[in-house]
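The values are calculated or read from the model by the stated rules, or taken from the named source; none is laboratory data. This is a predicted model, so every value here is computed, not measured. Please note: Cβ atoms are built from the backbone with ideal geometry, for glycine as well, and neighbour counts cover all protein chains shown.
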Amino acid sequence: MAHDKDLIDESYCSIPSRIFKLLPKAKLDFSLYKMNTANGKYYPLTVPGAPIAHNERQSISQDCDDGLIFIKSTEIHHCIPVFAVKLNLVLQSIGESIPDHDLALLIIHGLKISSTSIFVDSVKLNFDEFNDTIGTVAEILHRRPDLLWLMIPLLDKTHSLVNKSVSTGVIGAAVILLGRDLKPDLNVFRDALSALLLCDIGMHMLPEFVLGKEFCLTRDEQKRIRQHPIGSVKLLSETKKINKSALRAILEHHERMDGSGYPRGVTNEHLSWLGKLCGAVDSFVAMTMERPGKKKLPIVNALKILYKESSQYDPNIIYALEKVTYRD
Ligand SMILES: [Fe+2]
């Protein structure tokens with residue numbers, strides 16, 4: 001079996017032809033790879049910095065349509081949003097830019113790959129790469145919060161730790177940047193985005209069968225699930241790259257204002273705003289995701305439940321959440 005590190009080095013992302021067609025005629029500072037369908041291996045097709053001939057462009061574009069052209073993630077710092085920024089810089093030099101819808105897709109795709117690398121592979125091995133992705137995504141969204149309107153409808157509502165992390169990150173970012181009048185500075189926003197994306201990283205230490213269980217959890221299983229905010233903080237503390245306010249919010253994301261939450265059962269005055277935000281968005285996302293044996297709730301019903309439980313959730317946060325998720 002391949003070692004984790006080999007898998008990271010061999011990670012590629014495909015380019016849709018509509019993006020390739022926007023690339024200028026010269027000087028990509030990364031290689032394009034083509035997949036050999038016979039053996040599933042990738043080989044470099046272009047040389048970084050060298051122009052691509054006209055006839056080559058046509059055949060590469062066709063291969064993009066067939067899903068055969070890729071970029072090696074190590075050449076774009078393991079990070080699709082970084083690639084998007086780089087690509088946009090190249091395009092801007094010829095008066096073009098990535099269409100917003102494609103940029104929204106690239107950011108979601110990048111968040112998904114980065115979340116998978118730590119939720120499914122290894123927090124310890126991949127945290128730096130994840131952190132780079134978050135930094136870049138935070139910069140893009142802080143500058144262009146309007147992209148979040150395009151990203152929310154693209155979220156995958158099938159329940160999994162990765163999909164839930166990405167949805168909580170994106171919807172929480174929208175609450176912060178579009179749902180309120182106050183705009184935090186970039187560093188504060190970046191920490192908030194990290195907290196939203198990483199709340200449930202401690203779940204990854206639980207056995208698969210517990211995660212898939214919706215009902216009939218044993219007392220021991222319930223106890224283990226209720227410890228996951230502490231597990232998240234423990235795991236992340238080892239990375240030493242996450243800010244204290246983000247760690248605090250992660251620890252608090254299942255606490256409730258009336259003290260009915262866990263793991264410590266503390267009340268409103270002991271909770272940070274970011275902790276309350278993570279809690280409200282996490283609950284909203286959980287209710288609006290499809291799980292085996294459980295239909296997702298319509299957005300309006302999930303919001304009604306949160307409003308009804310006003311002793312648990314901050315009504316101002318729910319109002320901001322409604323502003324960014326509900327359009328009648
Ligand atoms: Fe959680």
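Can you name every one of the helices (runs of 4 or more DSSP H) wholly within the stretch 1-75 that holds 3 or more residues which are at pLDDT below 70?
Working: elements: 4-9, 17-20, 54-65.
Result: 4-9.
For the stretch 240-248, does any single residue satisfy the condition of being modelled with pLDDT of 95 or more, β-branched (Val, Ile, Thr) and in contact with a helix residue (DSSP H, G or I) (Cβ under 6 Å, 6 or more places away or on another chain)?
No, the stretch 240-248 contains no residue that is modelled with pLDDT of 95 or more, β-branched (Val, Ile, Thr) and in contact with a helix residue (DSSP H, G or I) (Cβ under 6 Å, 6 or more places away or on another chain).
Quickly run through the stretch 235-277 and pick out the residues that are away from the ligand (no atom under 15 Å from the Cβ) and closer than 28 Å to Asn126 by Cβ.
Selection gives Ser237, Glu238, Thr239, Lys240, Lys241, Ile242, Asn243, Lys244, Ser245, Ser272.
Go through the stretch 204-234 and give me each residue that's within 16 Å of the ligand (Cβ to nearest atom), farther than 13 Å from Leu161 by Cβ and modelled with pLDDT of 75 or more.
Glu221, Gln222, Lys223, Arg224, Arg226, Gln227, Pro229, Ile230, Val233, Lys234
Can you pull out the helices (runs of 4 or more DSSP H) entirely within the stretch 235-316 that have at least 1 residues that are in contact (Cβ under 8 Å) with a residue 60 or more places away in the chain and under 19 Å from the mean Cα position of the chain (by Cα)?
Values: elements: 244-252, 273-287, 299-308.
Filter on the stretch 235-316 gives 273-287.
Take the stretch 170-187 and flag every residue that is part of a helix (DSSP H, G or I) and either in contact with a strand residue (DSSP E or B) (Cβ under 9 Å, 6 or more places away or on another chain) or farther than 17 Å from Tyr326 by Cα (or both). Break it down stepwise before answering.
From the stretch 170-187, those part of a helix (DSSP H, G or I) are 170-178, 186-187; that's our starting set.
Leu186, Asn187, listed by residue number.
So Asn187 passes all but one of these: (1) loosely packed, with under 15 Cβ neighbours inside 10 Å; (2) under 21 Å from Gln312 (Cα atoms). Which condition number does it fail?
The number of the failed condition is (2).
Surrounded by fewer than 19 Cβ atoms within 10 Å (Cβ to Cβ), modelled with pLDDT under 85 and either charged (D, E, K, R) or in contact with a Lys or Arg (Cβ under 7 Å, 6 or more places away or on another chain) (or both) - does that describe any residue in the stretch 109-120?
No, that holds for no residue.
Quick one: would you say Leu148 is within 16 Å of the ligand (Cβ to nearest atom) and modelled with pLDDT of 95 or more? Quick ask: steps written out before the conclusion?
Working: within 16 Å of the ligand (Cβ to nearest atom): no; modelled with pLDDT of 95 or more: yes.
When the stated conditions are applied, Leu148 does not pass them.
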